[in-house]
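Here, each number is a calculation from the coordinates, and none is a lab measurement. Small disclaimer: the values here were computed from a predicted structure and weren't measured. Cβ coordinates were reconstructed from backbone atoms using ideal geometry, including for glycine residues, and neighbour counts include every protein chain displayed.
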Amino acid sequence: MKRKLIYSSHVVIQMFKRGISQQDIELALAAGVIIREYPDDKPYTNYLLLFFSANIPLHLVYALNEVGEYIIITAYQPDNSIWKDDFTVKKR
């Protein structure tokens, strides 16, 4: 069974600005790797996921609510000046 996706208004704006499609989001959720968890975020734990679409890195922040729906918070292409080469760890 496919989980329902709930897009925040923030992510919709960012997807439009950044040229990220719904298909990119769905592929990232299906095949991406969780690189960080934020258990103190409220009301749900947030997850930072890394996915490569056509060799272009994509970070996706999402949460799962109590009924198992994905809440898509934001999505962006990680900045090389902030992230190390593998895009999983921030530079100091």
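Extension gain for Lys4 to Asp41 (0.36 nm times residue separation, less C-alpha to C-alpha distance): 11.2 nm.
Projecting the Cα positions of Gln23, Trp83, Leu64 onto the charge dipole of the chain (unit charges on Cβ atoms of Lys, Arg, Asp and Glu, taken about the Cα centre) puts Trp83 furthest along the positive direction. A Förster radius of 25 Å, combined with the Cβ-Cβ distance separating Ile13 from Ser53, puts the computed FRET efficiency at roughly 0.80. Listed by chain and number, the lysines whose C-alpha is less than 29 Å from the C-alpha of Lys91, apart from same-chain residues fewer than 8 away, are Lys17, Lys42. Axis of helix 22-31 versus longest Cα principal axis of the chain: the two differ by about 80°, to the nearest ten degrees. The structure-derived value of semi-axes √(5λ) of the Cα gyration tensor in Å appears in the list (i) 42, 19, 8; (ii) 42, 13, 7; (iii) 20, 16, 12 under the label (iii). Once backbone amide H atoms are built at 1.01 Å from N, Trp83 has Lys91 as its partners under 5 Å, excluding neighbours fewer than 5 places away on the same chain. Against the chain, whose longest principal axis comes from its Cα atoms, helix 9-18 is set at around 30 degrees.
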